[in-house]
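Everything on this sheet refers to the single structure shown next.
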Protein chains: 2
Amino acid sequence: MPTPDTPTKSVFDIHALEGIYLLYWKMEDCTEAIDIPIPLSKKERHMLVCLDQPRRMGDLARELLALPSTVTAMADTLEAKGLLFRERDPNDRRAWLLSLTEQGHDMRKVMASKASDLFRDISGLSDDELDQFAKIALKIRSRIMETGMPKGPQT
Amino acid sequence: MPTPDTPTKSVFDIHALEGIYLLYWKMEDCTEAIDIPIPLSKKERHMLVCLDQPRRMGDLARELLALPSTVTAMADTLEAKGLLFRERDPNDRRAWLLSLTEQGHDMRKVMASKASDLFRDISGLSDDELDQFAKIALKIRSRIMETGMPKGPQT
DNA sequence: TTGAATGGTTCATTTTTTGAAGTATATGGC
DNA sequence: GCCATATACTTCAAAAAATGAACCATTCAA
């Protein structure tokens, strides 16, 4: 019978990564339970949260690891629910900019603040640790935004 | 036209969380590209990585935020691919323990070590920061494992 | 100007997830 | 021990979500 795998010698071992995955999954799980007036799927929630400012559909698709056609569908339903609207990108008239309506912004704010609270509870970190973690997470965020957002599914 | 939302005053603000999400998504994206002899879906990969030691299907379902029936289906395909096998849990003969075959363990090790490398590249952190981040991620991991794994979808 | 590339849409197909009903084992009260 | 109820997993049909190919409009570059 196989015995548990021994940790690799690498600095950042798989159990730390597992911590990140668990955190993500647990956040997903608890976020489901946030009570919002209009029911949204997980991906739709993420899309909403990504829209702190107007974004092009293609960018969203890459960030959310979705195909353009998937983003079209999600934008359709969020638009139908009155949470966002499309505007032509003045710099490229092929592209749409998605922007939140006032209702969309309200909902996004509620979700963002609840998510932040959830993170504190779930992680159980001290203020000091939260601070350290946030600092590094922000670094990772800028790094990914600079050096390459996810490429997303290839067609 | 709505202006970008102002950050909340909470210690752990939404942009830090966004960093964690981006990290997760980018890891998903790059992990797709890891070349393995037997093609697996994302969830199947996660399941494999979770099986560093024999686990009950119900536990996996909760951790992976899937329904029991979904885990049954995934276990079936991974079993058919020769990567894991079922054994009755001697402590509860209703339950199955999923264990990796030797091939499964080999594949898991490859994926775990590549994931670790990927993380270093994607995050772009210094060794010192990696260390700090890993320490905190491990804390979060134990915290979640103690105080409550995800409940998963409710039937 | 024109041909190739890009941004998004449409829609039929495939994949994945869901959930209700079922089997087998466990657990707690009597 | 016996029964009722709960738990662990399975089955399978229905629903939801993602995919990808064909398409239109605009942009970019030769």
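Only the coordinates and a few stated rules stand behind these numbers; no lab work does. Please read all numbers here as calculations on a predicted model, not as lab measurements. With ideal geometry, Cβ positions are generated from the backbone for all residues, glycine too; neighbour counts draw on all protein chains shown.
Which residue of chain B is nearest the rotation axis onto chain A, counting by its Cβ, and what is the distance in whole Å?
Closest to the rotation axis on chain B: B:Tyr24, 2.
Which value in nm describes the separation of the simple spin-label points at B:Arg86 and A:Ile38, placed 7 Å from the Cα toward the beta carbon?
4.3
Report, as an integer, the average count of C-beta atoms from other chains found within 10 Å of each Cβ along A:68-78.
Across the residues of A:68-78, the mean count of other-chain Cβ atoms within 10 Å is 0.
Holding the Cα-Cα limit at 23 Å, pick out from B:Lys43/B:Lys151; B:Lys26/B:Lys114; B:Lys26/B:Lys81; A:Lys139/B:Lys26; A:Lys114/B:Lys42; A:Lys114/A:Lys135 the pairs that are longer than that.
Violating the 23 Å Cα-Cα cut-off are B:Lys26/B:Lys81; A:Lys114/B:Lys42.
Considering every residue in B:45-54, what mean count of other chain Cβ atoms within 10 Å of its Cβ is obtained?
Taking the mean over all residues of the peptide, I get 3.
Order these by the 10 Å Cβ neighbour count, fewest first: B:Phe85, B:Phe119.
B:Phe85, B:Phe119
In a shell of Cβ-Cβ distance under 12 Å around B:Pro150, excluding B:Pro150 itself, what net charge do Lys and Arg (+1) and Asp and Glu (-1) give?
Charge balance in the 12 Å sphere: -2.
Only helical DSSP H runs with n ≥ 4 go in: add -39500 (n - 2.57) per run for chain B, normalise by residue count and round the 222 nm mean residue ellipticity to 500 deg cm²/dmol.
Counting only the DSSP helices, I get -19500 deg cm²/dmol.
Shielding by partners for B:127-135, please: the mean number of other protein chain Cβ atoms within 10 Å of each residue's Cβ.
Partner-chain Cβ atoms within 10 Å, mean over residues of B:127-135: 5.
Over chain A, what is the mean sequence separation of C-alpha contacts under 8 Å (at least six apart), divided by residue count, expressed as relative contact order in percent?
The normalised contact order for chain A reaches 27 percent.
Out of residues 5 or more away from A:Leu97 or on other chains, whose amide H comes under 5 Å of its own, with H placed 1.01 Å from N in the peptide plane?
Close amide H contacts, sequence-distant or interchain: A:Glu87, A:Arg88, A:Asp89.
Please list, in order, the residues from the range A:10-38 whose amide nitrogen is less than 18 Å from a point placed 7 Å along the Cα→Cβ vector of A:Lys114.
A:24-38
Arrange B:Tyr21, A:Tyr24 by Cβ neighbour counts within 10 Å, fewest through most, would you?
If I rank by nearby Cβ atoms, fewest first, I get A:Tyr24, B:Tyr21.
Could you tell me what % of all Cα pairs in chain A have separations over 21 Å?
In whole percent, the share of Cα-Cα pairs in chain A beyond 21 Å is 56.
Under the Karplus relation 6.51 cos²θ - 1.76 cosθ + 1.60, θ = phi - 60°, what is the ordered set of whole-Hz ³J(HN,Hα) values for the range B:81-98, x standing for Gly and Pro?
With the stated coefficients, the range B:81-98 comes to 7, x, 9, 8, 9, 9, 9, 5, 6, x, 7, 7, 6, 7, 9, 9, 9, 8 Hz.
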